[in-house]
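Encoded as structure tokens, the structure appears first; notes follow it.
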Amino acid sequence: MEYNNLGKSGLQVSRLSLGSWLTFGKQIEDGIAENLMKTAYDNGVNFFDNAEIYARGQSEIVMGKILKKMGWARSSYIVSSKVYFGDGGSLPTQTGLSRKHIVEACHAALRRLQVEYLDLFFCHRPDKKVPIEETVWTMNILINQGKILYWGTSEWSAQEIMEAHMIARQYNLIPPVMEQPQYNMLHRQKVEVEYSQIYKTVGLGTTIWSPLASGVLTDKYIKEFPEGTRLGIKGLEWLKERQLTEERLDKIRNLNKLALELGTSLPKLSIAWCLKNSNVSTVILGASKINQLEENLTAIEVLPLITAEVMQKIEDILKNKPEHPMW
Ligand code: NDP
């Protein structure tokens with residue numbers, strides 16, 4: 001495994017990490033979740049990603065039990081939670097980024113994960129109803145109390161991230177260190193264009209999600225729709241509609257052909273393509289089966305195959321390179 005600094009922080013995060021969305025506490029048995037975490041850890045993964053909303057708290061409960069059972073040194077792994085969507089309650093005080101909800105969500109995550117502090121705590125979305133100043137102050141208080149070590153954002157605009165930095169600078173508070181955006185071959189704008197300046201100016205780190213676009217960047221949807229996959233789960237019709245379009249399938253067939261010509265697989269090529277971007281601090285993997293994780297964990301080996309010529313072939317298939325505005 002290789003490690004990167006998380007943005008300009010001193011924290012070393014593994015280039016591949018493991019997340020639990022839709023899998024832990026929901027799609028997979030707890031025994032499989034345990035096997036996934038153990039395999040990841042044994043292969044040098046040091047970051048496990050979670051959120052209050054994942055399986056409405058159940059995902060953190062499952063992860064907490066596994067962390068306890070494994071008995072790994074607390075200093076050897078990084079665990080996160082995210083606040084915004086709540087863990088099931090829908091009353092006005094039970095979601096969002098107010099001081100009240102952030103503090104309560106942090107305490108609940110600590111209890112569920114059975115840890116004394118969270119290494120990373122993300123604001124899962126921006127909250128238009130709460131002044132960013134209140135959120136920055138609250139994160140700083142949690143850091144001072146030793147309940148979180150680093151804080152960040154997820155799917156915030158560059159402008160919102162900069163506002164948080166300006167407030168932190170004004171009051172000498174600790175600014176956000178990392179952002180968690182979606183990034184994959186089919187979804188590129190934020191990571192490649194919107195944030196391009198703030199990697200340099202404030203040293204933004206990124207923990208990118210859905211590197212396989214929820215499993216679409218594999219060969220399994222190319223022919224007929226398979227049984228037992230994420231996009232077939234009842235209640236996730238919206239995700240299927242968003243991720244699996246005919247236009248995408250055409251591109252995926254060509255990408256799959258290219259992967260096979262290179263002697264690799266499409267999931268590995270897709271993950272390695274994300275790793276090629278030096279502004280990506282860690283790629284968060286998702287897996288419902290152990291063999292998927294084992295395959296994905298070897299994606300770093302594919303990096304030398306992605307030459308400038310191969311990158312161009314990928315661009316020619318994708319035809320979605322985001323335009324940089326004229327500065
Ligand atoms: P991916 O896009 O990589 O999708 C993972 C899913 O794809 C797996 O659960 C599996 O689903 C399928 N898959 C994975 N590997 C393979 C393979 N080799 N061959 C075939 N199918 C495969 O990542 P996720 O969408 O899971 O995102 C990763 C993590 O990012 C999440 O767990 C979460 O921690 C974080 N995240 C954060 C968000 C945010 O808003 N901040 C939003 C979403 C995710 P199946 O077998 O069921 O088809």
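The values are calculated or read from the model by the stated rules, or taken from the named source; none is laboratory data. Predicted model, so just to flag it, every value in this text is computed and none were measured. Quick reminder, even Gly has a Cβ in these numbers, built from the backbone with ideal geometry, and neighbours come from all protein chains shown. In case anyone asks, the SASA skips ligands and DNA or RNA and just uses the protein heavy atoms, side chains included. Shrake-Rupley method; radii C 1.70, N 1.55, O 1.52, S 1.80 Å.
Per residue, the solvent-accessible area of the chain (1.4 Å probe, heavy atoms of protein chains only, all protein chains present) comes to 46 Å².
Just round it to a whole percent: the fraction of Cα-Cα distances in the range 163-275 exceeding 19 Å. Roughly 56 percent, once rounded to a whole number.
Annotation: peptides 200-209, 98-107, 53-62, ranked by per-residue average of other Cβ atoms within 10 Å with the highest first, follow the order 53-62, 200-209, 98-107. Atom-type composition of the exposed protein surface of the chain places 51 percent of the accessible area on carbon and sulfur (1.4 angstrom probe). Expressed as a whole percent, the proportion of Cα-Cα pairs in the range 274-327 lying more than 12 Å apart is 75%. Just checking the listed ones, 182, 170, 12: in the Gaussian network model of the chain with Cα springs under 10 Å, the one fluctuating most is 170. Annotation for the range 165-258: GluC sites (Glu not before Pro) lying in DSSP loop with at most 14 further Cβ atoms inside 10 Å of their Cβ are 224, 227. Convex hull volume of the Cα atoms of the chain, normalised per residue: 136 Å³. Apply 1/(1 + (r/R0)^6) to the Cβ-Cβ distance of residue 290 and residue 249, taking R0 = 35 Å, and write down the FRET efficiency to the nearest 0.05. Computed FRET efficiency for residue 290 and residue 249 comes out at 0.85.
For the range 234-327, the calculated P(r) over all alpha carbon pairs, in 5 Å bins from 0 to the bin holding the longest distance, is 2, 11, 19, 21, 22, 15, 7, 2, 1, 0 percent. Across the chain, C-alpha contacts under 8 Å between residues 6 or more apart give a mean separation that, scaled by the residue count, equals a relative contact order of 18 percent.
Pairs of Cα atoms in the range 72-179 fall into 5 Å distance bins, from 0 up to the last occupied one, in shares of 2, 13, 25, 26, 19, 10, 4, 1 percent. The orientation-averaged projected area of the convex hull spanned by the Cα atoms of the range 1-138 comes to 8.5 nm². Largest GNM mean-square fluctuation across 279, 140, 172, computed for the chain with C-alpha springs under 10 Å, falls on 172. Across the range 1-75, Cα-Cα pairs farther apart than 16 Å form 51% of the total. Using the average count of surrounding beta-carbon atoms within 10 Å as a protection proxy, the listed peptides 41-51, 153-163 rank, highest first, as 41-51, 153-163.
Distance between the pseudo-spin-label points of residue 303 and residue 8 (7 Å out from Cα toward the beta carbon): 2.4 nm.
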